[in-house]
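Single-structure report; data block below.
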Amino acid sequence: MGVEFHRSFNRAGRIGIDLPKVLEDPDFRDNLVLLSGDSIFIPEYNPVVEVRGAVNAPVAITWVPGRDIEYYIGAAGGYARDAERGRAYVVQPSGKVESVGRRALVPDKLPKPQAGARLYVPAKPKNLQDNTTALFGIAAQVLASIMTVIIVAIR
């Protein structure tokens, strides 16, 4: 459910809440006491998931119940070459942000976008890509210099 909860007190801004769980269980942690200035916005139903960032074809994809983040990234052409694969995340319609949960010895916990969610795949910083290229260049120069010294020493 894409309910947006905004709190002006202390400039908190948008707060991600899980309204269906709150309605099911009044003791759920997201059941916040309303304060003066709070607002709730219920947007029109949006049956797509937007995929943005470092994917081969950023696009909006029709929402399929139960599908995880990898399905939508694959439907957007897969990860781009400069994608930070382990840092993809989903902003649910409620504003709640969910990222991939890396776990040892068991499969990763993958978020399941809801209808109206936005999925982001961050790109690697440009300076890291440039440093990698520069590093290979320096390594090649050092290797060539060592080979030259060895050849001169043999003769």
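We did not get these values from a lab; they are worked out from the coordinates using the rules stated. These numbers were taken from a predicted model, which means no experiment stands behind them. A quick note on method: Cβ atoms are made from the backbone with ideal geometry, for glycine too, and the neighbour counts reach across all protein chains shown.
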ask   = Which order do peptides 110-118, 10-18, 145-153 fall in by mean Cβ count within 10 Å, highest first?
value = 110-118, 10-18, 145-153
ask   = By how many degrees, 0 to 90 and rounded to 10, does the Cα axis of helix 126-154 deviate from the longest principal axis of the chain?
value = 20 degrees
Structure-derived Cα extents along the principal axes in Å: which label, when the choices are [x] 45, 42, 38; [y] 85, 36, 31; [z] 63, 36, 28 = [y]
ask   = If the chain between TYR71 and SER36 were fully stretched, how many nm would it gain, using 0.36 nm times the residue separation less the Cα-Cα distance?
value = 8.5 nm
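Based on the Cβ-Cβ distance from THR62 to LYS126, what FRET efficiency comes out when R0 is 35 Å, to the nearest 0.05? Working shown, then result.
Numbers: r = 33 Å, r/R0 = 0.95.
Calculated transfer efficiency: 0.60.
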